[in-house]
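Everything on this sheet refers to the single structure shown next.
The values are calculated or read from the model by the stated rules, or taken from the named source; none is laboratory data. Everything numeric in this text was worked out from a predicted model, so none of it was measured. Cβ placement follows ideal geometry from the backbone for every residue including glycine, while neighbour counts extend to all protein chains displayed.
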Amino acid sequence: MKPVPVKQSRTIRTSLVLPPDTNHHGTIFGGKVMAYIDEVAAIASMRHSRSPVVTASIDSVDFLSPVKEGDIINVEAFVTWTGRTSMEVYVKVMSEKGPGGEKQLTATSFVTMVAIDKDGRPIPVPPVLPETEEEKELNRTAVERQRQRKQRKAK
């Protein structure tokens, strides 16, 4: 299979944090952020594989800064590495204090997605073609993350 450039999978979701999205502290529910992470990772991996996908795992999600009501949240994802049927997707969540305001890293995560056929069976995916320095570094370090995932699963 021909390698697919990372830019083909890059997906960004931008949303305004509204009152129903927040908890009693006025910050976005962690579960809402996790749902955004899963959704955007799925879209990125579908763009890469050109097939339906399922979530196989989500590595830890570290919440680094709060996102408050009225903030803008940006969730960006792209495929960093592929196995035979699986894709590692890097997801970065940024918050913005109003239009043009200060931007902060809110969370990061790695999600593993598996491409499937119409019967739900795993199918092969093309390799990744990293182009930027960030993409190349994430691709280079992916094998170690994959090893750690397999080790966690074995326990």
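Within segment 122-155, restricting attention to residues that are modelled with pLDDT under 95 and of a type in the set (S, T, N, Q), the residue that is surrounded by the fewest Cβ atoms within 10 Å (Cβ to Cβ) is 151.
Among the residues of segment 68-82, is any small (Gly, Ala, Ser), under 27 Å from residue 137 (Cβ atoms) and crowded, with 20+ Cβ neighbours inside 10 Å?
Our first condition is that a residue be small (Gly, Ala, Ser); within segment 68-82, this holds for 70, 77.
With the extra rule that they be under 27 Å from residue 137 (Cβ atoms), the set shrinks to 77.
Among the residues that remain, those that are also crowded, with 20+ Cβ neighbours inside 10 Å are: 77.
Checked against the condition, which is being small (Gly, Ala, Ser), under 27 Å from residue 137 (Cβ atoms) and crowded, with 20+ Cβ neighbours inside 10 Å, segment 68-82 yields at least one hit.
Pairing residues of segment 93-122 that are under 30 Å from residue 83 (Cβ atoms) and without any contact (Cβ under 8 Å) to a residue 60 or more places away in the chain with residues that are among the small types (Gly, Ala, Ser) and not in a strand (DSSP E or B), at Cβ distances under 8 Å and at least 6 apart in sequence or on separate chains, gives 105/65.
Count of segment 8-60 residues, restricted to those that are part of a helix (DSSP H, G or I) and closer than 29 Å to residue 120 by Cβ, is 21.
Yes/no per residue for (1) in contact with a Gly (Cβ under 7 Å, 6 or more places away or on another chain); (2) hydroxyl-bearing (Ser, Thr, Tyr); (3) within 21 Å of residue 10 (Cβ to Cβ):
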{"residue": "91", "(1), (2), (3)": "no, no, yes"}
{"residue": "96", "(1), (2), (3)": "no, no, yes"}
{"residue": "111", "(1), (2), (3)": "no, no, yes"}
{"residue": "114", "(1), (2), (3)": "no, no, yes"}
{"residue": "124", "(1), (2), (3)": "no, no, no"}
{"residue": "128", "(1), (2), (3)": "no, no, yes"}
{"residue": "132", "(1), (2), (3)": "no, yes, yes"}
{"residue": "143", "(1), (2), (3)": "no, no, no"}
{"residue": "147", "(1), (2), (3)": "no, no, no"}
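Within segment 1-48, the set of residues being buried (at least 17 other Cβ atoms within 10 Å of the Cβ), hydroxyl-bearing (Ser, Thr, Tyr) and under 27 Å from residue 100 (Cβ atoms) comprises 11, 22, 27, 36.
For segment 75-113: of the residues being of a type in the set (Lys, Arg) and assigned to a loop (DSSP other than H, G, I, E, B), which is nearest to residue 133 (Cα to Cα)? Among residues in segment 75-113 that are of a type in the set (Lys, Arg) and assigned to a loop (DSSP other than H, G, I, E, B), the one nearest to residue 133 (Cα to Cα) is 84.
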